[in-house]
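The values are calculated or read from the model by the stated rules, or taken from the named source; none is laboratory data. If you're wondering where the values come from, they're calculated on a predicted model, not measured in any experiment. As a convention, Cβ positions derive from the backbone with ideal geometry for all residues, glycine included, and neighbour counts pool all protein chains shown.
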Amino acid sequence: MHSETAKIQKIGKEASCLLSISLVLYKSPKKQLRQTLQTLRQAVSFIPAERLFLLILDNASHRPYRRKKYRWHGIPTEIITGLGNLGFGKAHNLVLRHKNLGTFHLILNPDVLIEQNALKNGLKAFQKYPNMGLCAPAILTQQDQQTHLGRNYPDLLSLALRGFAPNWLKSVFKQHLACYEIPYKNEKKEILKNIPCLSGSFLLMRRSIFKQLQGFDSRFFLYFEDFDFSFRALKITDTAILPNMLIRHFGGNTSRKGLRHILFFIKSAFLFFQKHGWKWH
């Protein structure tokens, strides 16, 4: 066993679970979900299975309430169905009350592919930076293009342009958008510290921070719960984007998902600004 791996495995001996993972599904494509789980299994292979816990919540199930327990590749796993569509944040919050909540917890989307060393690098970073309570990965698109890793505090103009404007209009406001979106062009691959808004597709955090924040604000049914969470986290702990914690994310494109998603987006944006303060441009 490598010494670095051994050090990671000694973390959190007060808790039987080192790393817990929550995964919320809503009509998730099965092929994509299988790929996510395959890469997750590879990414956690350095941790003994008995020190892991996976909680899967199916928000689309219309079956009666059921809590199924089993072992997936030796990992203690629970699947919860029959609670209806709780929304993203409220569903993830269910793990807060679970006895197997780990010393560290991962919020994971079902449309993410995890690089094999991503979680190992993430847990090593928590050892290196003891004041860091929340971190997010470097994100690539399906075409291996670097996306914007984090964002400054949002303004209404930037949100409207990113969500709904055609490309030619975005190009007109290119400089304005550049102030909102934070690209990663550092060849030394240094971490980006204390970014206000992090993507919720993959958030790795200390259990203590997750509990102190009392999870996501359940008033956000969909959209902006990640911005609200990371913005609140920044008030009580250091946050970071780790360039060596790499994933691929296939989500996004709110405007292409139809009117219902657009309305969810607008409602959540209104709630976010009402809560944290309005910024117009």
| request: Search region 127-146 for residues being touching a residue at least 60 places away in the same chain (Cβ under 8 Å) and over 20 Å from CYS197 (Cα atoms), and hand back the single one that is surrounded by the fewest Cβ atoms within 10 Å (Cβ to Cβ). | output: ASP144
| said: Against the definition (surrounded by 13 or more Cβ atoms within 10 Å (Cβ to Cβ) and either on the phi > 0 side of the Ramachandran plot or out of contact with any strand residue (DSSP E or B) (no Cβ under 8 Å at 6 or more places or on another chain) (or both)), how does ASP217 come out, yes or no? | reply: yes
| task | For LEU94, work out the one condition from (1) out of contact with any helix residue (DSSP H, G or I) (no Cβ under 8 Å at 6 or more places or on another chain); (2) among the aliphatic types (A, V, I, L, M); (3) closer than 16 Å to THR36 by Cβ it doesn't fulfil. | result | (3)
| note | Just one listed residue, out of SER208, SER201, SER268, is closer than 29 Å to VAL44 by Cα, touching a residue at least 40 places away in the same chain (Cβ under 8 Å) and surrounded by 18 or more Cβ atoms within 10 Å (Cβ to Cβ), and it is SER201
| Somewhere in region 174-192, is a residue closer than 28 Å to ASN100 by Cα and in contact with a Pro (Cβ under 7 Å, 6 or more places away or on another chain)? | no
| message | What's the total number of residues in region 7-51 that are modelled with pLDDT under 95 and assigned to a loop (DSSP other than H, G, I, E, B)? | response | 11
| message | So PHE229 ticks every box in (1) aromatic (Phe, Trp, Tyr); (2) in contact with a strand residue (DSSP E or B) (Cβ under 9 Å, 6 or more places away or on another chain); (3) at pLDDT below 95 but one. Which box is left unticked? | response | (3)
| Whichever residue in region 106-147 is of a type outside the set (A, V, I, L, M, F, W, C) and in contact with a Cys (Cβ under 9 Å, 6 or more places away or on another chain) and, among such residues, is farthest from GLY251 (Cα to Cα) | TYR129
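Considering LYS170, LYS124, which residue is touching a helix residue (DSSP H, G or I) at 6+ places or on another chain (Cβ under 7 Å), of a type in the set (Lys, Arg) and modelled with pLDDT under 95? If you could, list the steps in order and put the result at the bottom.
Details: LYS124 fails: modelled with pLDDT under 95.
Only one candidate qualifies: LYS170.
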| said: Residue under question is ARG97, and the condition is that it be free of Cβ contacts under 8 Å to residues at least 40 places away in the same chain and either farther than 28 Å from LYS69 by Cα or crowded, with 22+ Cβ neighbours inside 10 Å (or both); does it hold? | reply: no
| message | So if I check each of ILE209, ILE236, which one is modelled with pLDDT of 90 or more, over 26 Å from LEU113 (Cα atoms) and not small (Gly, Ala, Ser)? | response | ILE236
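Tally time: how many residues in region 211-237 are closer than 9 Å to GLY89 by Cβ, part of a loop (DSSP other than H, G, I, E, B) and hydrophobic (A, V, I, L, M, F, W, C)? Give the steps one after another, and end with the answer.
Keep residues of region 211-237 that are closer than 9 Å to GLY89 by Cβ, which gives 215-222, 225-226, 228-229.
Applying the additional criterion that residues be part of a loop (DSSP other than H, G, I, E, B) yields 215-222.
Next cut, hydrophobic (A, V, I, L, M, F, W, C) only: 216, 220-222.
Adding up the residues that qualify gives 4.
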| Scanning region 127-166 for residues that are part of a helix (DSSP H, G or I) and closer than 29 Å to GLN35 by Cβ, which turns out modelled with the highest pLDDT? | ARG162
